[in-house]
1. Being among the polar types (S, T, N, Q) and under 25 Å from residue 155 (Cβ atoms) is the filter here; which residues of region 335-389 pass it?
2. Of all the residues that make up region 159-202, how many are in contact (Cβ under 8 Å) with a residue 60 or more places away in the chain, hydrophobic (A, V, I, L, M, F, W, C) and surrounded by fewer than 19 Cβ atoms within 10 Å (Cβ to Cβ)?
3. Identify the single condition in (1) modelled with pLDDT of 85 or more; (2) part of a loop (DSSP other than H, G, I, E, B); (3) not acidic (Asp, Glu) that residue 65 does not satisfy, given that it satisfies every other one.
4. Name every residue in region 143-158 that is part of a loop (DSSP other than H, G, I, E, B) and either buried (at least 21 other Cβ atoms within 10 Å of the Cβ) or not polar (S, T, N, Q) (or both), in order of residue number.
5. Is there any pair linking a residue in region 221-235 that is within 13 Å of residue 64 (Cα to Cα) to one that is among the hydroxyl-bearing types (Ser, Thr, Tyr), with Cβ under 8 Å and at least six apart or on different chains, and which?
6. Within region 245-276, work out how many residues are at pLDDT 90 or above and part of a loop (DSSP other than H, G, I, E, B).
7. Being part of a loop (DSSP other than H, G, I, E, B) and modelled with pLDDT under 90 is the filter; apply it to region 297-320 and report the residue that is surrounded by the most Cβ atoms within 10 Å (Cβ to Cβ).
8. Does any residue in region 292-303 that is not assigned by TED's automatic domain parsing to the domain that holds residue 275 come within less than 8 Å, Cβ to Cβ, of a residue that is not in a strand (DSSP E or B) six or more places away or on a different chain, and which pairs are these?
Amino acid sequence: MNRLLVSMLLVLGLAVTAGCKNKKDANEADDISNLEAEANTGPVDYPEPRRRSSGDRNPMRFEVSFVSAYVLPLSQDGKCWDPCTPEVKTKFVEALPSLGGDTPGAAAKALTTAIAAQAGSEKLIEAMPDLYAHIDCGFGNELTTSKSLNMDRLGAKWRNAREEFKMDPEDECAISIWDNDADDDDELLGDVSLKILQEAQNGELIVTASNEEMGQVVRIEMFIEQLEGAPVLGGQTAGQSAGQSSDQTGGQSGGDATGTGQYAVEVIKAEIQPAKADGQPWDAKIPFVASGTSPDIAVEVYVNGYQSEKPFMETPVGQEQTYYEWRTSGRVDLQPTDYLHFIVWDRDRIDHDLVGECKSASVSQIPLGQEITLSNCGQVKYLVFKVTR
């Protein structure tokens, strides 16, 4: 039985009192005299990694991005992250999926979806944390995500939460997940220290409670792109940037996409692996919700990756299948040095699973009018697209 199930079963034995509160309006005229106090793990400073002598380091430039995180709905002592009633706490317990085995990420996602599906009132949602993340690596490399983008959630998703770091492969990083509170007395939900450049595979870093002790955090996903130097990220080969496909059919010459202007980009089709990287199904059976276990795949397309806040194009969702043909196109202004960044998702009711990220060659190297195949991007077997003027 995984740590998520054990934690929740312990909560079943807690005796709680009645009460209710809306955390978004502390002046609301509700009776809060019987409200159970929230968890309090602060004030706590951001965890710091083990520092190494500067003379032992050979730093290179990397772009580090937060992608997502999942947390448990209750603290280690069984309290809600924000004030809640016994009814709310019971809902958290009842929503726990009956998942066996070592699947903390899937369990956290299913729990989030189940809670939202059966919530019935804002007070259940408002008892969940307002998530943000922080990372500290090497010397002077820090990144803190927005504190207002993932409010009242057990799962956080970030876009454009990135920073350029100068790191050595031996540098240790301290990653922490927090609950933002209006009184600035934020709670530390969990943290972990590790050498992220050694742990990342093809630019993806996935840390779960199955292999690291992270408090009440069950899953963290990040993305790392190497910007200079000989490749050091796991699974990366010389001449291949992190997150970029190792196979681009259609050639790198013979096109005429050499000028600045507007182009049409068409996502033709894609196929993904039948299961996640850890062997688990893309979707778990969720209590209170009719659902399957096959993925619902969709593709977002960005220019120059995480430098843009929103995609210029997004395909419809191909439901309950690992292969889908869209032939969806969108127009965008491109320069010769730009590249296309394809992000493939398994779309779900609340939180989405990142399947993989594929990067094209620069626009000047893309053969116009030809189908181009990008392959081996995370759990994406291949993705086919075409660019025209």
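The values are calculated or read from the model by the stated rules, or taken from the named source; none is laboratory data. Keep in mind that what you see is a predicted model, and the values were worked out from it rather than measured. Reconstructed Cβ throughout: ideal geometry from the backbone, glycine too, with neighbour counts over all protein chains shown.
1. The first filter runs over region 335-389 and keeps only residues among the polar types (S, T, N, Q), leaving 335, 337, 360, 362, 364-365, 370, 373, 375-376, 379, 388.
Correct list: 379 only.
2. So the answer is 2.
3. It fails just one condition, (2).
4. To start, the set of residues in region 143-158 that are part of a loop (DSSP other than H, G, I, E, B) comprises 145-154, 158.
The answer is 145, 147, 149, 150, 151, 152, 153, 154, 158.
5. Short answer, once both residue conditions are applied: 221/68; 222/65; 223/65; 223/306; 224/65; 225/65; 225/241; 226/241.
6. Within region 245-276, the subset at pLDDT 90 or above is 262-274.
Subsequent filtering for residues that are part of a loop (DSSP other than H, G, I, E, B) retains 273-274.
The number of residues fulfilling the criteria is 2.
7. The first filter runs over region 297-320 and keeps only residues part of a loop (DSSP other than H, G, I, E, B), leaving 304, 308-312, 315-317, 319-320.
Those still in the list that are modelled with pLDDT under 90 too: 304, 308-311, 319-320.
Details: 304: 14, 308: 15, 309: 8, 310: 9, 311: 18, 319: 13, 320: 14.
Among those residues, the one meeting the criterion is 311.
8. From residues that are not assigned by TED's automatic domain parsing to the domain that holds residue 275, there are no pairs.
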